[in-house]
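Take a look at the structure set out below.
A short reminder: the numbers here are calculations on the coordinates, not readings from a lab. Every value quoted in this text rests on a predicted model; they were computed, and no experiment measured them. Here Cβ is always computed from backbone atoms with ideal geometry, including for glycine, and neighbour counts include all displayed protein chains.
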Amino acid sequence: MLRSIRFGEADRVLHLYSEDRGRLGAVAKGVRRVKSRLGGRLEPLCRVRLVLHEGRGELCTVSAVDSVNAHPALREQRASLERASQACEAVLRLFDSAEPNRAAYNLLCNQLALLDANPTGATRSQSLAFRAKLLLAAGFAPELASCATCGEADHLSGFSPSAGGVVCSGCEAGSFPLDGNAHRFMVESLSQPLAEAPEASERALAQADRALGETLEHHAHVRLRRVA
């Protein structure tokens, strides 16, 4: 579950992301009452199995819920809770249709499970690796193998959001610096499993964060919070 919003006197509107149906909206009636049988299982960051009733409106109604993984450990550390919330926010903003995207679904499940298994190990580099993979799942991954403007494979020294990736020294007008460490971090983030996310210096991570963020702003018209 990505987000929960209070609705009426005792209900909640849920923003969900599912494996088979993509983005869904549902209402959990009476869930805020003390004696609700749905109880605390319908909380953001939880992975649940739902029975939904589809009426004539846009929102389904939750009929039953089973908890698959509540991810309790990640809620005990501020850093892991913030990383998990950012991951859900990114999926919420990037995937707003009912078309399923199993790569995005599996990636989010993996990220939440990793943060729950090691909440004290929630790092900026791991969260940026998640975001890089999420851009790939959404079809907005930047060009990293060669200059996005001319195709030159050498002398890659900058990043151009408008061009869609790294650029060489001859095409760097309008770009910002992207040094070798930041470039390497982005490449390895996409090629390695999320559990093996590469580490990098704060300078490299800041450059990678800017590159990913401005790529989304330019091509997807989505602005996400920077990963601190």
Express in % the proportion of alpha carbon pairs of the chain at distances exceeding 22 Å.
55 percent
What list of whole percents do you get for P(r) of region 41-101, with Cα-Cα distances grouped in 5 Å bins up to the one holding the largest distance?
4, 15, 17, 23, 22, 12, 5, 2, 0
In nanometres, what is the gap between the two model label sites at T120 and E76, each 7 Å from Cα along Cα-to-Cβ?
1.0 nm
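Compute the signed sum of charges (Lys and Arg +1, Asp and Glu -1) over the other residues within less than 9 Å, Cβ to Cβ, of A28.
Details: positive: R12, K29, R32; negative: D11.
For residues surrounding A28, the net value is +2.
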Nearest 10 degrees, 0 to 90: helix 124-138 Cα axis against the chain principal axis:
80 degrees
Between A98 and H219, how high is the FRET efficiency from 1/(1 + (r/R0)^6) when r is the Cβ-Cβ distance and R₀ = 25 Å? Nearest 0.05.
0.70
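Taking GluC sites (Glu not before Pro) as candidate sites, keep only those in a DSSP loop with at most 14 other Cβ atoms within 10 Å, then name the longest stretch of the chain containing none of them. It would help to have the intermediate numbers written out before the result.
Values: sites that count: E9, E19, E54, E58, E199.
By the stated rule (loop sites, at most 14 other Cβ atoms within 10 Å), 59-198.
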Assuming a viscosity of 0.692 mPa s and a temperature of 37 °C, what translational diffusion coefficient in µm² per second does Stokes-Einstein assign to region 3-69, Rh being the Kirkwood radius over Cα pairs?
273 µm²/s
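R0 = 22 Å: FRET efficiency of T61 with S85, Cβ-based, nearest 0.05?
Details: r = 26 Å, r/R0 = 1.18.
According to the calculation, E is roughly 0.25.
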With each pseudo-label sitting 7 Å past Cα toward Cβ, what's the R49-F7 distance in nm, one decimal?
2.4 nm
Local electrostatic count at R226 - Lys and Arg +1, Asp and Glu -1, tallied over other residues with Cβ under 15 Å
+2
Once the piece of chain linking H155 and E196 is laid out straight, how much longer is it, given 0.36 nm per residue of separation minus the C-alpha distance between them?
12.0 nm
One computes Rg over Rh for region 135-212 from alpha-carbon atoms, with the Kirkwood Rh, and obtains 0.95
